[in-house]
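In what follows, a structure is listed as structure tokens, so that the remarks can point back to it.
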Amino acid sequence: ATASSLRGRKVMITAGPTREALDPVRYISNHSSGKMGYALAQAALEAGAEVHLVSGPVHLQTPAGVVYHPVESAEEMLAACLAQLKACDLFIGAAAVADYRPVAVAEQKLKKGAEELMELRLTKNPDIIAQVAAQTPKPFTVGFAAETQNLLAYARSKLARKGLDMIIANDVSAPGIGFNSDENAVTLITADSETHFATQSKSILAKTLIEYIAAQLPSPSIK
Ligand code: PMT
């Protein structure tokens with residue numbers, strides 16, 4: 001991105017996994033490392049933006065200069081996003097948010113019983129990016145779609161269903177890209193375009209994506 005393409009813009013990025021507690025010592029989560037979201041935060045910083053990084057638990061260094069909002073669960077991530085959303089120009093959802101969480105969090109460590117089968121009851125988490133896109137005024141909203149099949153069709157349906165301006169389709173079944181790798185390959189989809197970005201490091205890809213998104217951002221409104 002050019003050094004000034006996001007100057008004066010407020011950008012919020014979600015990154016990493018969420019953790020959904022089962023009891024004080026256990027949780028449900030996924031393999032997101034945060035690398036994609038952190039690379040986007042770094043690229044947005046370099047493009048001159050004020051960057052808010054809302055992150056689940058990861059093992060990465062927080063880019064110097066971002067406003068950092070650490071969270072664990074999807075409900076915490078939603079609250080942190082909505083609390084900071086005022087005057088936000090661009091929202092990018094790179095986090096792998098758990099779609100479901102345990103119905104109840106046990107107060108004490110769950111004990112092993114005699115039974116061989118144990119059933120977990122889960123309830124749906126809030127859809128963070130859909131709630132962001134439903135705000136008025138809403139930021140330009142960019143989602144990711146992590147899919148293991150029917151990549152572009154599923155991504156296009158998420159673009160429409162969640163009310164997004166853009167979605168970045170990520171084939172997470174291909175080896176060497178997607179979750180927890182250093183490289184990624186994606187297809188950026190809008191209502192009327194489809195642009196493929198071949199396998200490359202997440203940091204270089206992030207710069208290209210930020211530049212591409214910055215060029216599509218509506219001019220700043222009077223705030
Ligand atoms: O973190 P890395 O190891 O670098 O890996 C990067 C990545 C594969 C996690 C990333 O590139 C990616 O694809 N992130 C989105 C993962 C995901 O959960 O996708 P989804 O198709 O389930 O969700 C679609 C969109 O809705 C995403 O923007 C997601 O952040 C958002 N979402 C989903 C569920 C939910 N309850 N709230 C949300 O905001």
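A short reminder: the numbers here are calculations on the coordinates, not readings from a lab. None of the values given here were measured: they were computed from a predicted structure. Reconstructed Cβ throughout: ideal geometry from the backbone, glycine too, with neighbour counts over all protein chains shown.
Structural descriptor for the chain: relative contact order 21 percent, calculated from alpha carbon pairs under 8 angstrom and at least 6 residues apart. From least to most packed, judged by other beta carbons within 10 angstrom and beginning with the fewest, Phe144, Phe197 follow the order Phe197, Phe144. Taken about its Cα centre, segment 6-108 carries a charge dipole of roughly 340 debye when the Cβ of each Lys and Arg holds +1 and the Cβ of each Asp and Glu holds -1. Set the Förster distance to 41 Å, then compute FRET efficiency between Ala21 and Lys138 from the Cβ-Cβ distance, nearest 0.05. Calculated transfer efficiency: 0.85. For the chain, adding -39500 (n - 2.57) for each run of n ≥ 4 DSSP H residues and dividing by the number of residues yields -7500 deg cm²/dmol at 222 nm. Loop-located trypsin sites (Lys or Arg not before Pro) in segment 22-88 (DSSP state other than H, G, I, E, B) with a sparse environment of at most 12 neighbouring Cβ atoms within 10 Å: Lys86. Taking only the Cα atoms of the chain, the radius of gyration and Dmax are 17.8, 64 Å.
For Ala87 and Ala191, a Förster radius of 22 Å and the Cβ-Cβ distance give a FRET efficiency of 0.30, rounded to the nearest 0.05. If R0 is taken as 41 Å, the Cβ-Cβ distance between Met118 and Ala160 corresponds to a FRET efficiency of 0.60.
How big is D, in µm² s⁻¹, for segment 1-72 by Stokes-Einstein at 10 °C and 1.306 mPa s if Rh is the Kirkwood radius over C-alpha pairs? Please list the in-between numbers first.
Details: Rh = 12.8 Å.
D = 124 µm²/s.
Radius of gyration over Kirkwood radius for segment 92-223, both on Cα atoms: the Rg/Rh ratio is 1.08. Where in the chain is the longest stretch that carries no GluC sites (Glu not before Pro) classed as loop by DSSP and with at most 15 other Cβ atoms within 10 Å? Maximal segment without exposed cleavage sites: 1-106. Here the simple spin-label model places points 7 Å from the Cα toward Cβ, and for Ala215 and Thr148 these points are separated by 3.5 nm.
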